[in-house]
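The structure is given below, and queries will be raised subsequently.
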């Protein structure tokens with residue numbers, strides 16, 4: 001049962017009462033709903049039933065629980081039915097779906113529910129036998145010749161979340177047109193309890209549903225062998241790595257990939273090696289955040305590790321922390337790691353004669369210019385996409401279809417990287433091998449990874465960047481966020497000592513030069529993003545999150561010296577804080 005019933009709008013209260021009375025509702029969800037109604041948790045109930053789940057930048061992601069605006073077995077079944085209908089229309093000759101899942105609460109249950117619905121729709125389904133990284137799902141789609149893939153994951157979100165990501169036949173996350181087509185089908189199925197599914201005991205289910213085996217993972221590991229030779233045996237032997245999966249799916253996969261690549265000195269964080277949906281032994285499962293490294297830092301200091309590698313719960317992103325000459329550890333930003341990785345990887349490709357003449361690096365509009373400048377020094381052009389690795393993955397296919405441009409590396413500031421396009425999404429397994437090789441090489445050349453970054457900054461300029469977010473709650477909060485964005489479009493922030501050069505609005509798809517008012521068209525698709533360019537290479541980008549009610553703010557600064565970059569970054573942050581303060585005050589009242 002959804003928001004509409006026989007063409008008439010249905011209130012949230014009518015919906016939760018209908019769910020309560022429907023004998024097809026799962027027993028655990030019924031108990032939860034009954035408790036909420038008995039406790040008169042009306043705001044919570046309205047939030048659960050005010051709207052259907054939608055596909056955002058990272059697919060469908062929400063808190064677990066009863067309701068059409070929650071992740072539960074009924075909303076998963078409906079989404080899978082829509083995917084099956086879409087697949088039959090999009091790829092009638094490839095009616096095969098591979099289903100992966102991570103270690104979150106109910107991930108296996110949701111994966112099994114997806115397989116049951118796919119089978120009832122006449123779609124062959126292959127379900128992962130074990131919780132495995134998201135990039136393995138992307139690889140499996142292409143390797144098994146599937147028309148689509150589904151990954152049950154909520155990445156680094158808190159434990160109470162889960163999610164549902166859809167991949168196309170190319171192994172990349174679906175783009176907006178396909179997402180909207182699936183969403184229309186999903187919402188057109190008004191009765192979530194009426195979705196057909198097969199019992200695992202039925203003969204038809206046994207014919208259509210199979211599990212993966214170890215051969216699929218072996219195939220993936222063979223494909224990343226080209227990364228094994230990036231660093232010498234001596235360099236590998238001299239590097240000591242601490243690794244943590246942050247209670248995620250990397251616990252088995254990443255150490256094995258590093259071992260096969262020749263890294264023998266890998267020390268894991270024992271408390272975080274268990275697959276734990278509550279992420280019990282970490283303050284954050286997000287490798288972008290310094291608090292995620294507290295346990296790993298304890299181990300690293302004990303063994304004098306050169307670097308710490310941390311992957312998120314579904315192992316598509318990897319963070320890097322490095323020890324400097326003074327023995328202190330520092331977390332590197334995704335922008336810094338991207339620049340370092342490009343210098344190392346492009347240099348290795350050129351040294352082995354494998355750097356293509358038409359090589360391309362692909363990154364996003366909210367990523368700094370550091371990597372682009374490094375790539376240019378190797379004669380490699382950088383192309384930018386909208387935020388979201390699905391756009392980077394799509395670029396790989398575009399190059400292949402057109403026969404011009406050769407993908408060599410893709411990355412985004414949120415610590416997602418891809419070197420080998422066997423996967424069409426960010427991949428922390430192969431990235432861990434690349435980052436370890438890069439650190440081993442830097443240790444030989446410069447003494448440590450931080451010194452290597454310093455050498456690049458001296459060559460290309462000093463870069464600083466910062467990401468932060470503002471959460472807006474409720475309907476009024478979302479309106480406030482949009483009001484702020486509208487005002488920002490009309491009146492960009494004025495930063496002390498840093499003049500505005502140009503503004504780009506991806507809703508109107510126009511770039512406006514501040515000095516002349518000259519307008520040029522932007523070629524990327526429409527998106528709710530504003531990017532402001534300031535003198536000296538500093539910039540600011542603002543966009544709503546695609547997966548949560550949060551405004552994301554990206555700041556980047558550049559200077560000939562570290563102090564200049566720091567001053568410019570501070571000025572941008574102060575200017576933005578001043579502008580958003582009145583809206584936050586309104587939100588809190």
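None of the figures in this text is laboratory data; all of them are computed from the coordinates on show. No experiment lies behind these values; they were computed from the predicted model shown. Methodologically, a virtual Cβ is constructed for each residue, glycine included, from the backbone with ideal geometry; neighbour enumeration extends over all protein chains shown.
Run the simple label-point estimate for residue 89 and residue 328 please: 7 Å along Cα→C-beta, distance reported in nm.
Between residue 89 and residue 328, the simple spin-label model gives 5.8 nm.
Under 25 °C and 0.890 mPa s, how fast does the stretch 197-317 diffuse according to Stokes-Einstein, given a Kirkwood radius computed over C-alpha pairs? Answer in µm²/s, whole number.
My calculation gives 151 µm²/s for D.
Report, to the nearest 10°, how far helix 12-21 tilts away from the longest principal axis of the Cα atoms in the chain, using its own Cα long axis and a range of 0 to 90°.
Once rounded, the angle reads 60 degrees.
Using a 10 Å cut-off on Cβ atoms, rank the peptides 77-83, 428-434, 346-352, 143-149 from the highest mean neighbour count down.
428-434, 77-83, 143-149, 346-352
Still on this structure, I have one more. Explain nothing, just the number: relative contact order of the stretch 462-588, from Cα pairs under 8 Å at least 6 residues apart, as a whole percent.
32
Send over the semi-axes of the stretch 378-461's equivalent ellipsoid, whole angstrom and largest first, taken as the square roots of 5 times the C-alpha gyration tensor eigenvalues.
Each semi-axis is √(5λ); the values are 27, 15, 12 Å.
Working from Cα positions, state the angle (0 to 90°, nearest 10) between the long axis of helix 176-188 and the longest principal axis of the chain.
20
With equal scatterers on the alpha carbons only and no solvent term, can you work out the Debye log10 of I(q)/I(0) for the stretch 106-179 at 0.19, 0.21, 0.22, 0.26 1/Å?
-0.82, -1.00, -1.09, -1.40
Now for a different question. Label points 7 Å out from Cα along the Cβ direction at residue 105 and residue 476: separation in nm?
Computed distance between label sites residue 105 and residue 476 equals 2.9 nm.
If you don't mind, there's one more thing I want to ask. Order these peptides, 520-527, 31-38, by their mean beta-carbon neighbour count within 10 angstrom, highest first.
31-38, 520-527
Please work out the ratio of the alpha-carbon Rg of the chain to 2.2 N^0.38 Å and round it to two decimals.
Working it through for the chain, the quotient is 0.97.
Further, regarding this structure: With N denoting the number of residues in the stretch 77-119, provide Rg(C-alpha) divided by 2.2 N^0.38 Å, to two decimal places.
Computed over Cα atoms of the stretch 77-119, the ratio equals 1.20.
Which of 182, 68 has the fewest other C-beta atoms within 10 Å, and how do the rest follow up to the most?
Going from least to most buried by this count: 68, 182.
What ranking, highest mean first, results for peptides 255-265, 405-415 when packing means the other Cβ atoms within 10 Å averaged over each residue?
So the order, starting with the most tightly packed, is 405-415, 255-265.
Another question, then. Given 37 °C and 0.692 mPa s, how large is the Stokes-Einstein diffusion coefficient of the stretch 462-588 in µm²/s, with Rh as the Kirkwood radius over Cα pairs?
The calculation lands on 217 µm²/s.
Moving on. Under a crude label model (7 Å from the Cα following the beta-carbon direction), how far is residue 562 from residue 44 in nanometres?
4.9
When only C-alpha pairs under 8 Å and at least 6 residues apart count, what is the relative contact order of the chain, in percent?
Here the relative contact order equals 11 percent.
Tell me, how many Å apart are the Cα centres for the stretch 437-465 and for the stretch 10-69?
The two parts, judged by their Cα centres, are 51 Å apart.
Next up: For 321, 71, 438, 273, which order do you get if you count the other beta carbons within 10 Å of each Cβ and list the fewest first?
So the residues, fewest neighbours to most, are 273, 321, 438, 71.
Return the Rg/Rh ratio of the stretch 308-397 with Cα-based radii and a Kirkwood Rh.
So for the stretch 308-397, dividing Rg by the Kirkwood Rh gives 1.00.
While we're looking at this one, here's another question. Treating the angle as unsigned and between 0 and 90°, give the value, to the nearest 10°, between the Cα long axis of helix 562-588 and the longest Cα principal axis of the chain.
Its long axis makes an angle of about 30 degrees.
What translational D, rounded to a whole number of µm²/s, comes out for the stretch 226-460 from Stokes-Einstein when the hydrodynamic radius is the Kirkwood one over Cα pairs, at 37 °C and 0.692 mPa s?
186
Tell me what the chain gives for mean residue ellipticity at 222 nm when only DSSP H runs of n ≥ 4 count, each as -39,500 (n - 2.57), the sum divided by the residue total, rounded to 500 deg cm²/dmol.
-13000 deg cm²/dmol
Any chance you could check the Cα centroid distance between the stretch 357-413 and the stretch 142-157 for me, in angstrom?
The two parts, judged by their Cα centres, are 23 Å apart.
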